[in-house]
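Notes follow the structure.
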Amino acid sequence: MARQSLARDTRTVRGRVALIDAAPVRAHVNALIASGTDDHRIAELSGHVTTGFIDLLLRGFCTQVSVESARSLLVIRDPSV
């Protein structure tokens, strides 16, 4: 379902970055970590976010994330599946 919301038009409006709810992204990153992927590897695989961003996301400081950050994290496959 989270991936469907990413299919929408994501162009910036008046210089603002398109943002979406962080909860599905947080859940996905938590699943990756639970399966043994560490935050450094997740950041590396995303090619877009930092370990600092992942830390803030997991600690609940991010309630929204950019569409680009979400895409870069949600495409990472869970190695346990």
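Taking 0.36 nm per residue of separation and subtracting the Cα-Cα distance, what length does fully extending Asp55 through Glu68 add?
2.9 nm
Around Val17, which amide H atoms from residues at least 5 apart in sequence, or from another chain, sit under 5 Å from its own amide H, with H modelled in the peptide plane?
The answer is none.
Could you give me the ³J(HN,Hα) list for segment 59-73, computed from phi with Karplus coefficients 6.51, -1.76, 1.60 and θ = phi - 60°, whole Hz, x at Gly and Pro?
My calculation for segment 59-73 gives 7, x, 6, 9, 9, 9, 10, 5, 4, 5, 5, 4, 4, 5, 8 Hz in order.
Mind giving me the nanometre distance, one decimal, between the label points for Ser80 and Ser35, set 7 Å out from Cα along Cα→Cβ?
For Ser80 paired with Ser35, the spin-label model returns 0.9 nm.
Quick one: Karplus J couplings for segment 30-44, per residue in order, coefficients 6.51, -1.76, 1.60, θ = phi - 60°, nearest Hz, x for Gly and Pro?
With the stated coefficients, segment 30-44 comes to 4, 5, 4, 5, 4, 8, x, 8, 7, 5, 5, 5, 4, 4, 5 Hz.
Where a number appears in this text, it was derived from the coordinates with a stated rule and is not lab data. As the structure is a prediction and not an experimental result, all values here were calculated from the model. Here the Cβ is made from the backbone with ideal geometry for all residues, glycine too, and neighbour counts use every protein chain on show.
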